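Report on one structure; see the data block that follows.
The values are calculated or read from the model by the stated rules, or taken from the named source; none is laboratory data. Everything numeric here is computed off the predicted structure, so don't read it as measured data. Only protein heavy atoms, including side chains, enter the accessible area calculation; ligands, DNA and RNA are left aside. Shrake-Rupley method; radii C 1.70, N 1.55, O 1.52, S 1.80 Å.
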Amino acid sequence: MFDYDKDSITKDEKNTLFLETLRGYFDNGLPVVTNLANMAAIVYEFFDGINWAGFYLYQDSKLILGPFQGKPACTEIEIGKGVCGVAAETMQSIIVPDTDRFEGHIVCDSASKAEIVIPIAKDGGLFGVLDIDSPNMNRFTEEDRLILQESVRLLIDILP
Ligand code: SME
């Protein structure tokens, strides 16, 4: 599955392969949790320098931890709280270059220093967020935001 040579592939080729891999694994005949679990694993595999990748899902008016890769994490986040809660409330993707400088950032792992959160909406309603953490400050770029937003669009297409 991931038998490409990470060192010889260009960033564009890697982004294309990332999206193709998601398309290959997504299956709208499978439970949502199955597709989310594989997406978390694929994000974790394709993005260098990250220490957590996964989902918080909107349920009972808050965000609840969903499928992820990395260390165990906070299980509940209120809408409007932390990077995830603000992304969910505003429906805007957020890149945090330095988590120590984001007021209200929720520390699940003190090793995480940068973060990107992409909100996920289906038919106008909040479904959840895709959250990725890095131990490296300034890790996430505008290019990452665009490719991750595209990956979320692919996910939305196969959600029931
Ligand atoms: N740092 C996040 C909480 C989730 S963990 O990073 C996995 C936040 O501030 O929303």
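Counting heavy atoms of the protein chains only and a 1.4 Å probe, report the per residue accessible area for the chain as a whole number of Å².
Value for the chain: 51 Å² per residue.
Would you mind telling me which residue in Pro67, Pro31, Pro97 has the biggest mean-square fluctuation in a Gaussian network model of the chain, where springs connect alpha carbons within a distance under 10 angstrom?
Pro31
Could you name the lysines in cross-link range of Lys14, using Cα to Cα under 19 Å and dropping any fewer than eight places away on the same chain?
Lys6
Please identify, among Phe46, Phe68, Phe18, the residue showing maximal mean-square fluctuation in a Gaussian network model of the chain using a 10 angstrom Cα cutoff.
Phe46
Roughly speaking, to the nearest percent, how much of the chain's 1.4 Å accessible area is carbon and sulfur?
Its accessible area is 48 percent carbon and sulfur atoms.
Run down the lysines and flag those whose C-alpha is under 16 Å from the C-alpha of Lys81, throwing out any fewer than 8 positions away in its chain.
Lys62
Relative to the present Cα-Cα distance, how much length would full extension add between Ala121 and Leu19 at 0.36 nm per residue of separation?
Result for the pair: 34.8 nm of gain on full extension.
Using the Karplus curve 6.51 cos²θ - 1.76 cosθ + 1.60 with θ = phi - 60°, what ³J(HN,Hα) values do you get for each residue of the stretch 24-35, in whole Hz, with x for Gly and Pro?
For the stretch 24-35, the Karplus curve yields x, 8, 4, 8, 6, x, 9, x, 3, 4, 5, 5 Hz.
If a/c stays under 1.5 just call it rounded; otherwise compare a/b with b/c (prolate if a/b is bigger, oblate if not). Do that for the stretch 1-57, with a ≥ b ≥ c from the square roots of the Cα gyration tensor eigenvalues.
oblate
Given only helices, namely DSSP H runs of n ≥ 4 each adding -39500 (n - 2.57), what is the per-residue ellipticity at 222 nm of the chain, to the nearest 500 deg cm²/dmol?
Estimated from H runs of four or more residues: -11500 deg cm²/dmol.
Using a ≥ b ≥ c from the Cα gyration tensor of the stretch 38-160 (square roots of the eigenvalues), is it rounded, prolate or oblate, where a/c under 1.5 gives rounded and otherwise the larger of a/b and b/c decides, a/b for prolate?
rounded
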